[in-house]
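A.B. asks: Once you've had a glance at the structure underneath, I'll fire off some questions.
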Amino acid sequence: MEIRKPNIVELENILKLSPQALFEGTLGRVRPTDEKIKQLVEPLLGKGCYYLIATEEDNLMGWILIGSSKDQFTDEMIGFIYELYVTQVFRGKGISKHLMKSALEHLQSEGYPEIRLGVFAENHAIQLYKQMGFSERNITMSLLVKQD
């Protein structure tokens, strides 16, 4: 397995698969369109965020989107993991862990004093994040309001 930045064809493939990745990452709560993915990803790529991909024999196994973010309270720049996804056929092989390790190395080498990520409460990836040293920092709560 190789972990590296994608070429343009691989990047296009990631963007095609991103609606499914976001759908799964939000536990089926969000079904984004291709246009919505563009609205979410293009500004990140424009400000210097980038993908790392896991490949083997020209097969795209998964990706992670990383970059910087500004702490809303301190204005400090921190490293941020925006997305982690492994395609269904390659799950259960430790690819997420390899992508996370590589992302953490990249972000640490770029000098960020802290690295954060966001995740839905029931997402099974939380176990991986805790294994990698992440801890809960803040919790966003939701109340669905019935409309009559």
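A.B. asks: In Å², what does the accessible area per residue of the chain work out to with a 1.4 Å probe? List each step's numbers first, then the result.
C.D. replies: Numbers: 9910 Å² over 148 residues.
Per-residue accessible area for the chain comes out at 67 Å².
A.B. asks: What do you reckon, how do Met100, Met1 stack up by accessible area (1.4 Å probe), largest on top?
C.D. replies: Working: Met100 0, Met1 100 Å².
Ranking Met100, Met1 by accessible area, largest first, yields Met1, Met100.
A.B. asks: Let me ask another. Identify which of Gly62, Gly79, Gly46 has the largest mean-square fluctuation in a Gaussian network model of the chain, with springs joining Cα atoms closer than 10 Å.
C.D. replies: Among Gly62, Gly79, Gly46, the largest GNM mean-square fluctuation belongs to Gly46.
A.B. asks: Would you look at the GNM of the chain, springs on alpha carbons closer than 10 Å, and say which of Glu83, Glu42, Glu57 moves the most?
C.D. replies: Result: Glu57 has the largest fluctuation of those listed.
A.B. asks: Would you please calculate the Kirkwood hydrodynamic radius of region 1-57 over all C-alpha pairs and express it in Å, rounded to one decimal?
C.D. replies: When all Cα pairs of region 1-57 are included, the Kirkwood radius is 12.3 Å.
A.B. asks: Over what distance in Å are the Cα centres of region 1-71 and region 96-116 separated?
C.D. replies: Their Cα centres are 16 Å away from one another.
A.B. asks: Starting at the first residue of region 13-29, write each ³J(HN,Hα) from the Karplus equation 6.51 cos²θ - 1.76 cosθ + 1.60 with θ = phi - 60°, in whole Hz, x for Gly and Pro.
C.D. replies: So the J values, rounded to whole Hz, are 5, 4, 5, 5, 8, 4, x, 5, 4, 5, 4, 5, x, 9, 6, x, 7.
A.B. asks: So what is the diffusion coefficient of the chain in µm² per second by Stokes-Einstein at 10 °C and 1.306 mPa s, using a Kirkwood Rh over Cα pairs? Mind showing how you got there, number by number?
C.D. replies: Working: Rh = 16.3 Å.
Result for D is 97 µm²/s.
A.B. asks: Most mobile of His124, His106, His98 per a Gaussian network model of the chain (Cα springs, under 10 Å)?
C.D. replies: Comparing His124, His106, His98 in the GNM, the peak value goes to His124.
A.B. asks: Run the quick spin-label model on Thr74 and Arg116: label points 7 Å from Cα toward the beta carbon, then report their separation in nm to one decimal.
C.D. replies: The two pseudo-label positions are separated by 1.0 nm.
A.B. asks: Here's a follow-up. What ranking do 15-24, 28-37 get when scored by the average of other Cβ atoms within 10 Å per residue, highest first? Mind dumping the intermediate values first?
C.D. replies: Details: 15-24: 16.3, 28-37: 12.1.
Peptide ranking by packing, descending: 15-24, 28-37.
A.B. asks: If the label point is 7 Å along Cα→Cβ of Ser109, which residues in region 81-102 have backbone nitrogen under 15 Å from it?
C.D. replies: Answer for region 81-102: 99-102.
The values are calculated or read from the model by the stated rules, or taken from the named source; none is laboratory data. This structure is a prediction, so every number in the text was calculated from the model and none was measured. As a convention, Cβ positions derive from the backbone with ideal geometry for all residues, glycine included, and neighbour counts pool all protein chains shown. The protein model used for the area step is the full one, side chains on, heavy atoms only, and it has no ligands, DNA or RNA in it. Shrake-Rupley method; radii C 1.70, N 1.55, O 1.52, S 1.80 Å.
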